[in-house]
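Read the structure below first, then the notes.
Laboratory data are not the source of any read-out in this text; all were calculated from the coordinates shown. Only a predicted model underlies this, so the values are computations on that prediction, with no experimental measurement involved. Cβ: placed from backbone, ideal geometry, glycine included. Neighbour counts: every protein chain shown.
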Amino acid sequence: MSATIINDVRRGFYLDSVALMRFSRVLATMDGIEEAAMMMASPSNRQIMADAGLLDQTSAGAEGGDLIIGIRATTPEAAEAARVQAEQLLDQPTSSTGDGARWRPKTMRAAVKAHPEANLALISVAGDFAAAEARKALRKGLHVMMFSDNVSIADELSLKREARDLGLLVMGPDCGTAILNGTPLAFANRVSAGDIGIIGASGTGTQEISCLISEGGGGISQAIGVGGRDLHEEIGAITTLMALDALDRDPATRHIVVISKPPAAAVAAQVVARIAASSKTFTVCFIGASGWQLPANATFAASLKGAAEHALGGNKLFAEFNADALAKPAKGRTVTGLFCGGTLCAEVQSLFLGAGEAVMSNAAISGVENLSTDPRRHKIIDLGSDEYTQGRPHPMIDPGVRDKALNGELDDADVGIVLLDVVIGFGAHEDPAGHLVDSLGGQTNGQTILIASVTGTDADPQNRKGQIAKLQAAGVLVAPSNADAAELALACLRLGG
Amino acid sequence: MEKNKVSDLLTQPLQVINVGLESFAVELKQQNVAVTHVDWSPPAGGDPKIADLLSKLGT
């Protein structure tokens, strides 16, 4: 019997992608529902829904400001029940900020009028609209953190130039993490306060380093996110250079860590010259590079863990961790990494390359092959890249994107080890380890070795120790850092012969 | 001499206008950060090009 598809359109009705994901999940678990999604009717979302077989002619006239409910069910009755449920979900009060029925501004202008002391705009609307909101914020005198991605590089350059002229920071776009004056913003962790400043073109890189520093007894003064493209030639490190100036002036910052993918040569020269002019000391971590010419006050670190150790004055972290002692022989020949954090994915690629392993990735660093069907190579996947996140929240918010991929890898006899990251903290899923264990059916299968690390702290809402305990109880081997997880995977490969 | 605005940001309490994911505003409130959440919907009827143009015109 063919499936029943029902669409409903709410004109001029907006909910953010996280709220819609939660509602979509409720519908998807109802009896007789094959697939269900509620999405804003942007062209890219319409394509996703069409590809999922969720659209009929009812939604053909929906526009970007409209919401589409798409349901595919085994029977007309099941579809109708889900439609009714969807309408009820959309009609319930949505405010969870504790504002209740209080008036809430609908525009940036009205918000600034109501909150004239505001000094930062945190923008996480869909990328198509993010530059416009950032521009409005700058013109109201606000610094901007743009969590949104899918913003054009031309818009990024124009916003950053305008901000620089105004003396304002634009952190982002695609800036996942910042800690300003002790406050974690978006995806960030509750770390100890201290005298180490971080300038990060990488969100999860900043999270891992700040947590490792905190774990190692140090603390963070500020963590300024700059966006993944700030050190590209087109942008010229505008925000990085402004952040360097600010941290150089900051009396609370003694040492500065700069983290990025390897920058363009001309941009690197500017950044290195600015570092050389500083009286402070630096750790420079360009993930994927094997070394870098740096002035005397700066040291290159090839890994996130190495960067944290250097920032801590050379103290070795987790000296008690012994990968060889914990390792088990791998039954399959290859490792698959399924990462929520892009820089954690890059760090593992870098460490595997350094160990002489053949690697492929959908987010390949220099020296790594692009993803293919080559069965001899280890497959290290960034689940936060566009092909996995279009139309849905980042896997750190919605770890469900990893479930299907994980089950596929567990069924593959060639895959001896699956390597995972569990990233906690503000902004992240409320229990990613619990979700992972549930998706395993409570326990590992006894064939594939699962290795994970938890990026976070015990002060985070999810509690790092609690997350580690859940993973270990399910048979997952847990390493104290992402780099140690990679070492453990390599040790298991060696034992497996 | 004008005070440095970035240094001000790093030394004064954060006061945030949140536009987008409401969960970010909720978490900031839980940390006792002053935050105003914008009850946002796509401007210009959901047409990004017109929304961009309007922002450049200051509306």
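Things to note:
- Counting only other chain Cβ atoms within 10 Å of each residue's Cβ, the peptide A:129-138 averages 6.
- Peptide packing for A:394-405, A:199-210 was compared via the average number of neighbouring C-beta atoms within 10 Å per residue; ordered from the highest value, the list is A:199-210, A:394-405.
- Positive-end residue, the stretch A:4-91 charge dipole about Cα centroid, Cβ charges, pick of A:Ile48, A:Val18, A:Ala62: A:Val18
- Signed unit charges on C-beta, dipole axis of the stretch A:323-496, positive-most listed residue A:Val423, A:Pro329, A:Thr448: A:Pro329
- Least to most buried among A:Asp324, A:Asp91, B:Asp47 (fewest other Cβ within 10 Å first): A:Asp91, A:Asp324, B:Asp47
- Taking chain A and dividing mean pair separation by its residue count, relative contact order in percent (alpha carbons under 8 Å, at least six apart): 11
- Extreme residue, positive dipole direction of the protein assembly as shown, given options A:His232, B:Val19, A:Ala269 (C-beta unit charges): A:Ala269
- For chain B, averaging the sequence separation of C-alpha pairs within contact (under 8 Å, six or more residues apart) and dividing by the residue count gives a relative contact order of 26 percent.
- Cβ-defined net charge surrounding A:Ser202, 15 Å radius [Lys, Arg +1; Asp, Glu -1]: -4
- The relative contact order of the stretch A:108-311 comes to 15 percent, based on Cα pairs under 8 Å that sit 6 or more residues apart.
- Exercise: per-residue mean of other protein chain Cβ atoms within 10 Å, B:25-34: 5
- Footprinting exposure proxy for A:Thr240, A:Thr373 (fewest neighbouring C-beta atoms within 10 Å first): A:Thr373, A:Thr240
- Net dipole in debye of the protein assembly as shown [+1 Lys, Arg Cβ; -1 Asp, Glu Cβ; about Cα centre; nearest 20]: 1220
- Number of partner chain Cβ atoms within 10 Å, mean per residue of A:239-246: 2
- DSSP bridge analysis restricted to chain A gives an antiparallel fraction near 30%, rounded to the nearest 5.
- Of all complete DSSP H helices in chain A, those with a Cα span along the helix axis of 15 Å or greater and a mean Kyte-Doolittle hydropathy of 0.0 or more are A:17-28, A:203-215, A:238-249, A:265-276, A:342-354, A:482-496.
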